[in-house]
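Below: the structure, in structure tokens.
Quick note: the coordinates plus some simple rules give every number you see, no bench work behind them. Keep in mind it's a predicted model, so treat the numbers as computed, not measured. Glycine also receives a Cβ, built like all others from the backbone with ideal geometry; neighbour counts cover every protein chain displayed.
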Amino acid sequence: MKQIAFALLAGTLALVSSCKKEDLGPRPTDLDRSTVTATPAEGSILLNWRIPENVSYHYVRVTYTHPETKQLVTKLASSYSDSLRVDNLLARYGEIQFTLQPFTKQGAEGTAIQIAATAKAKPRVEQITPTKLSITDANVFVSHPEATEGPKAGLVDEDDNSFYHENWHAPLAPMPHYIVYKLPKAVKNFSFYMKGRNNAGRLNPEVMDIYVSDSFDGTFDPEANKAVLAKELTELPSGQAAAYTSPNIRMDKPYNYVWFKIKKVYNDRLFAAIATLHVSELSISIYDPETGKTTNE
């Protein structure tokens, strides 16, 4: 009798389970496997598919096992979506297998489809911190100073109302003219800030080349001093008292001197006037998400 009772109970449970599955309603429309793609991007993978005609699913469930945490990750896309981007991935994770499966609102399951891809490497993240260098006028060298006004100390005296003025008396020397800074220490990465004199003459440098060198012999000859071209700058601001911050300049090694080669002044004048010229050292930290490590330059 007990065996008969157990058999009847098992049959009843199977019937109930069958009824529950039937209560979920009809299966949803399947995705067309030929339309499913996985496109790698930086730190992500974009899954795409074509929405079927007469779609009857409520959502597409995307699952994958996270390679690092080993946890199952689940994401949902509505029936109106034809794509889903999976973020926060790394190239070093290698190939990841994704399962896409449609579901009705009642929970009826469609056919599961697998597709695999490897994310592209995330870009490195840089943090750049400028620190203005303290430079005295004794370490500023100019090729064409004016004897009566605007001493070179005006470049580095922290006062935008003072200024450095090049020679404006005849005979005037053709361009280029030079300003050379001896830095307080050898610097690899730097930028500079320049502000024009607050004067209607607007004697701003418009075209300059930036050089660096290990030494300076006083000749204002880049080649003789083995100076290295670091940056060519054109169309510098010509407004009265115009301020300019250079792009970040990054070299392959530290240098002791920065050269400002003035090639053209506003209105083709043969002398410049500059209120402020500061050099800043750049401290650069680089975080690589692929390794989790930070390096400093």
### Task
Between Asp87 and Thr74, with labels modelled 7 Å along Cα→Cβ, what's the label distance in nm to one decimal, could you check?
2.2 nm
### Query
Given +1 on the Cβ of Lys and Arg, -1 on the Cβ of Asp and Glu, and no further charges, what dipole in debye does the chain carry about its Cα centre, rounded to the nearest 20?
1300 debye
### Cα-Cα pairs of segment 83-203 separated by more than 17 Å (percent)
74 percent
### Query
Label-point separation (nm) for Asp30 and Thr129, each offset 7 Å from Cα along Cα-to-Cβ?
5.9 nm
### Where only C-alpha atoms are counted, convex hull volume of the chain per residue in Å³
230 Å³
### Summary
The answer for the net charge of residues other than Thr99 whose Cβ lies under 13 angstrom from its Cβ, with Lys and Arg +1 and Asp and Glu -1, is +2
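First measure r as the distance between the Cβ atoms of Glu235 and Ala200, then evaluate 1/(1 + (r/R0)^6) with R0 = 22 Å and state the FRET efficiency to the nearest 0.05.
So, using R0 = 22 Å, E works out to roughly 0.60.
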#### Entry: Of the trypsin sites (Lys or Arg not before Pro) in segment 216-297, those whose Cβ has at most 16 other Cβ within 10 Å and which sit in DSSP loop
Lys226
#### Entry: Counting all C-alpha pairs of segment 56-131, share separated by more than 14 Å (%)
67 percent
### Query
For Asp217 and Ala147, what does the FRET efficiency come to when R0 = 25 Å and r is the distance between their Cβ atoms, rounded to the nearest 0.05?
0.60
## Note on the structure
Ranking Leu31, Ala41, Leu72 by how far each Cα lies towards the positive end of the charge dipole of segment 15-111 (+1 on Lys and Arg Cβ, -1 on Asp and Glu Cβ), the top one is Leu72
### GNM flexibility winner over the chain from Tyr178, Tyr93, Tyr80 (Cα, springs under 10 Å)
Tyr80
### With Cα atoms, 0 to 90° folded angle of helix 2-23 axis to the chain main axis
50 degrees
